[in-house]
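The values are calculated or read from the model by the stated rules, or taken from the named source; none is laboratory data. Just so it is clear, the model here is predicted, and its values are computed rather than measured. FYI the Cβ positions are ideal-geometry reconstructions off the backbone, even for glycines, and counts take in every protein chain you see.
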Amino acid sequence: MTLLVQALGAVGLVGVGAILTLAWGRILGRASEDRGALELGLMTLTLMTLPLELARFTESIVSATIALAGLAALSYLAVGPREAPTIWPRWPTKLELFGLGVLVTLVGFASFLGNFWDESNVHLPVTGAIARGVSPVVNALYPSQRLPYHYGFDVLAAEVRAFSGVSTHLALDVAGLWLFVLLLLLGAELGRALGAPEWLAAALLPMGSGVGLWLFFQEFGSLELPRLPFPGRWYQSVPPGTISNFFQHPQGAGMPAFLVAVLLDTGPKRELRRWLVALSVGALCLAHVIYFGVAGLALGAAACVRFILSKDADRIRTLAMDLVSLVAGLALAFAFGGALRGLGHSSLVFGSQLDSSVLLGLVHHVLLFSPQIIVLIWVGPRRDPLRAALWFAAVVGFVVPNVLVYQRSWDIVKFHAVALFVANALVAELAGVWWARGRRALAVGLVVSALSSGTVWLLRVSILDGKLGVPAMQFGPPARVYRELAEALGPLVPPREAVFATNLGVAGAGGFLTPGFAPELAAATHPYDLPPLYQAYSHHARIRRSLDVESLDALRIRWLVMSPGDMAALAEPARSRLADGNEFEKVLEVEAEGERLVVFRRK
């Protein structure tokens with residue numbers, strides 16, 4: 001794909017986003033909602049959900065997205081012009097603009113130069129498959145089962161990949177950077193709604209973490225401290241900080257999506273607004289299921305506070321309709337599927353995610369979650385729907401991992417992630433109050449303590465990565481040979497035909513369906529039905545040794561991607577069968593940077 005075609009495709013996707021934003025602007029105008037950041041937020045949520053549903057009929061994420069833009073254009077014309085102009089957050093001061101610029105630059109460095117957490121075994125193969133038109137969504141490493149996951153981020157990245165033709169790992173970075181900018185805009189709006197300094201709230205939301213968390217970075221894989229300051233057992237299952245969580249892509253999508261739902265819940269014309277909240281809550285489930293669950297509970301708490309404070313005669317009806325709209329959001333989430341499809345394979349048991357001893361648990365909470373927990377105790381529950389929702393969400397997030405754990409994964413820490421993220425908004429509000437009352441030393445100390453660990457982490461994975469003794473991030477993108485294979489083989493292989501491969505790069509770079517990989521790579525900690533995946537793994541092993549025909553048929557393999565090492569590892573009869581041309585046809589050969597791949601097709 002030429003650079004010109006890539007540029008035109010990127011412009012096309014931006015155009016789709018613009019049409020959706022304009023359409024949502026007019027719809028929001030009917031609810032007396034004039035905040036432009038919410039228009040962008042709803043546009044992004046729409047791109048994370050609806051094109052995927054349409055792709056079931058079009059078998060192309062591009063045509064599905066274009067069709068959605070057409071529907072949005074019709075709704076724009078049908079709704080009619082809005083009465084009030086769009087309002088955006090206050091333009092930052094020079095100092096604020098400098099700080100925000102540095103923050104976005106560091107996040108950009110980390111995004112484009114690093115590869116994080118489960119990109120290679122989840123997000124690359126999922127995004128690549130969606131970009132090729134595979135729907136319902138699967139992880140290309142386990143294509144026999146629908147993916148029980150919050151894959152809204154992957155849908156957004158797949159649209160970047162499909163429209164622009166950039167590599168899949170670059171599409172992840174572009175989508176992530178857009179979500180970070182959106183998070184800052186929505187964070188500023190939340191700050192304004194709380195009466196806090198807007199851009200301080202915007203920065204604190206993704207950057208705030210416990211003041212002592214940086215002392216525990218040895219569990220971050222490549223960020224080992226030269227000497228551990230605490231006993232080894234203190235480091236077991238320590239949850240990451242907020243900015244680290246942002247790079248765990250579903251959380252990067254869940255953070256702004258959560259703010260969309262919470263901000264939409266504040267404002268007049270509840271008859272229409274509550275249904276917009278329901279739509280955003282349903283879509284939030286595809287962004288991140290824990291943010292979805294906590295948001296539903298928090299908005300329920302806000303509805304109860306609204307009921308208590310109201311003097312209207314129909315306040316019971318108002319409460320009932322607010323709760324009904326949340327149930328509608330839950331129903332929509334089940335219709336979308338995503339992570340809710342895995343409920344039957346997820347097991348919660350009583351236990352604590354952190355160390356169960358009271359003393360160490362207290363130390364952990366002070367070091368890992370303060371000043372956020374201290375602020376929650378300081379401000380207490382509030383007689384205001386928005387503040388009550390935020391306070392309740394943070395409390396739920398901190399309490400749940402102390403009483404419940406998942407049997408198959410440590411993902412209960414995502415509740416801690418939600419709690420830190422939401423509590424950061426209350427930290428910004430309290431810092432603003434103290435500053436206004438002349439307690440400026442306290443305000444500065446509060447902000448610095450909240451930002452310190454996040455700043456250390458972001459510096460280490462961006463401009464300091466691989467420098468001054470800091471180890472480089474250990475996850476690299478798929479090798480160039482796999483990226484070239486994706487370009488050469490993509491037009492030949494239909495989206496749902498299976499490919500035998502022994503390297504993750506085939507699925508990661510090209511989105512090709514490559515069944516038979518070990519469940520431990522990704523599926524064992526996700527709510528899959530595991531026995532069929534282990535059976536597929538056994539078939540894969542037999543193909544790898546002998547090109548077993550029954551196993552090839554069982555996995556429905558039509559194509560084989562073999563490296564010289566793969567071919568050398570075959571038993572002699574299998575090597576002869578591969579070479580004689582009776583069963584397998586050599587289709588193409590790709591070589592780059594000293595690596596070579598040969599593609600065969602079964603006759």
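Below are the figures for this structure:
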read-out: Criterion (under 27 Å from Gly293 (Cα atoms) and modelled with pLDDT of 95 or more) met by exactly one of Ala129, Ala162, Ala140, Ala157; value: Ala157
read-out: Leading residue by the ranking (farthest from Arg483 (Cα to Cα)) among those in the stretch 574-603 that are basic (Lys, Arg) and under 40 Å from the mean Cα position of the chain (by Cα); value: Arg602
read-out: Breaking point among (1) touching a residue at least 24 places away in the same chain (Cβ under 8 Å); (2) more than 29 Å from Phe57 (Cα to Cα), for Ser551; value: (1)
read-out: Some residue of the stretch 47-64 being out of contact with any Pro (no Cβ under 9 Å at 6 or more places or on another chain), over 30 Å from Ala486 (Cβ atoms) and at pLDDT 95 or above; value: no
read-out: Options Val590, Val506; residue that is part of a strand (DSSP E or B) and either out of contact with any helix residue (DSSP H, G or I) (no Cβ under 7 Å at 6 or more places or on another chain) or under 29 Å from Ala162 (Cβ atoms) (or both); value: Val590
read-out: Scan of the stretch 446-467 for residues that are in contact with a Gly (Cβ under 8 Å, 6 or more places away or on another chain), of a type in the set (A, V, I, L, M) and either under 15 Å from Leu106 (Cα atoms) or free of Cβ contacts under 8 Å to residues at least 12 places away in the same chain (or both), ordered by number; value: Leu451, Val461
read-out: Some residue of the stretch 219-236 being over 19 Å from Val107 (Cα atoms) and crowded, with 24+ Cβ neighbours inside 10 Å; value: no
read-out: Where a residue in the stretch 309-330 is without any contact (Cβ under 8 Å) to a residue 40 or more places away in the chain and its partner, wherever it lies, is among the aromatic types (Phe, Trp, Tyr), with Cβ under 6 Å and at least six apart; value: Arg315/Phe307; Leu319/Phe307
read-out: Count of residues meeting criterion [more than 16 Å from Ile87 (Cβ to Cβ), in a helix (DSSP H, G or I) and of a type in the set (S, T, N, Q)] in the stretch 1-34; value: 1
read-out: Matching option when the condition is part of a helix (DSSP H, G or I), modelled with pLDDT of 95 or more, out of contact with any Ser or Thr (no Cβ under 9 Å at 6 or more places or on another chain) and surrounded by 18 or more Cβ atoms within 10 Å (Cβ to Cβ), among Gly329, Gly300, Gly296; value: Gly296
read-out: Answer residue from the stretch 379-426, given it is part of a helix (DSSP H, G or I) and either polar (S, T, N, Q) or at pLDDT below 85 (or both) and is surrounded by the most Cβ atoms within 10 Å (Cβ to Cβ) among those; value: Asn424
read-out: Filtered residue count, the stretch 35-78, keeping only those that are within 15 Å of Gly17 (Cα to Cα), surrounded by fewer than 17 Cβ atoms within 10 Å (Cβ to Cβ) and either of a type in the set (Gly, Ala, Ser) or in contact (Cβ under 8 Å) with a residue 12 or more places away in the chain (or both); value: 4
read-out: Filter result (within 21 Å of the chain's Cα centre (by Cα), buried (at least 19 other Cβ atoms within 10 Å of the Cβ) and not in a loop (DSSP other than H, G, I, E, B)) within the stretch 522-539; value: Ala523
read-out: Cβ pairs under 9 Å, 6+ apart, first in the stretch 94-111 and assigned by TED's automatic domain parsing to the domain that holds Trp457 and modelled with pLDDT of 95 or more, second surrounded by fewer than 17 Cβ atoms within 10 Å (Cβ to Cβ) and outside any helix (DSSP H, G or I); value: Leu97/Trp91; Thr105/Ile463; Leu106/Ile463
read-out: Looking only at the stretch 554-587, and only at residues there that are touching a helix residue (DSSP H, G or I) at 6+ places or on another chain (Cβ under 9 Å) and among the acidic types (Asp, Glu), the one that is surrounded by the fewest Cβ atoms within 10 Å (Cβ to Cβ); value: Glu583
read-out: One residue from Arg558, Arg542 being charged (D, E, K, R), at pLDDT 95 or above and not in a helix (DSSP H, G or I); value: Arg558
read-out: Verdict on Ala522 being at pLDDT 95 or above, under 30 Å from Leu547 (Cβ atoms) and not assigned by TED's automatic domain parsing to the domain that holds Asp411; value: no
read-out: Criterion violated by Leu485 - all others in (1) in a helix (DSSP H, G or I); (2) of a type in the set (A, V, I, L, M, F, W, C); (3) in the same structural domain as Val294 (by TED's automatic domain parsing) satisfied; value: (3)
read-out: Residue that is surrounded by the most Cβ atoms within 10 Å (Cβ to Cβ), among those in the stretch 588-603 that are in contact (Cβ under 8 Å) with a residue 24 or more places away in the chain and among the acidic types (Asp, Glu); value: Glu595
read-out: Scan of the stretch 253-273 for residues that are surrounded by fewer than 24 Cβ atoms within 10 Å (Cβ to Cβ) and in a helix (DSSP H, G or I), ordered by number; value: Leu263, Arg270, Glu271, Leu272, Arg273
read-out: Pro478 being crowded, with 20+ Cβ neighbours inside 10 Å and under 22 Å from the mean Cα position of the chain (by Cα); value: yes
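Yes/no matrix, rows are residues, columns are (1) basic (Lys, Arg); (2) crowded, with 24+ Cβ neighbours inside 10 Å; (3) not in a loop (DSSP other than H, G, I, E, B):
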| position | (1), (2), (3) |
| --- | --- |
| Pro143 | no, yes, no |
| His150 | no, yes, no |
| Ala158 | no, yes, yes |
| Ala171 | no, yes, yes |
| Val174 | no, no, yes |
| Trp178 | no, no, yes |
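Residues are listed down the side, and each one gets a yes or a no for (1) touching a strand residue (DSSP E or B) at 6+ places or on another chain (Cβ under 9 Å); (2) at negative phi; (3) in contact (Cβ under 8 Å) with a residue 60 or more places away in the chain:
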| residue | (1), (2), (3) |
| --- | --- |
| Arg483 | yes, yes, yes |
| Glu497 | yes, yes, yes |
| Gly511 | no, no, yes |
| Phe517 | no, yes, yes |
| Leu521 | no, yes, yes |
| Asp529 | no, yes, yes |
| Tyr534 | no, yes, no |
| Ser538 | no, yes, no |
| Ala541 | no, yes, no |
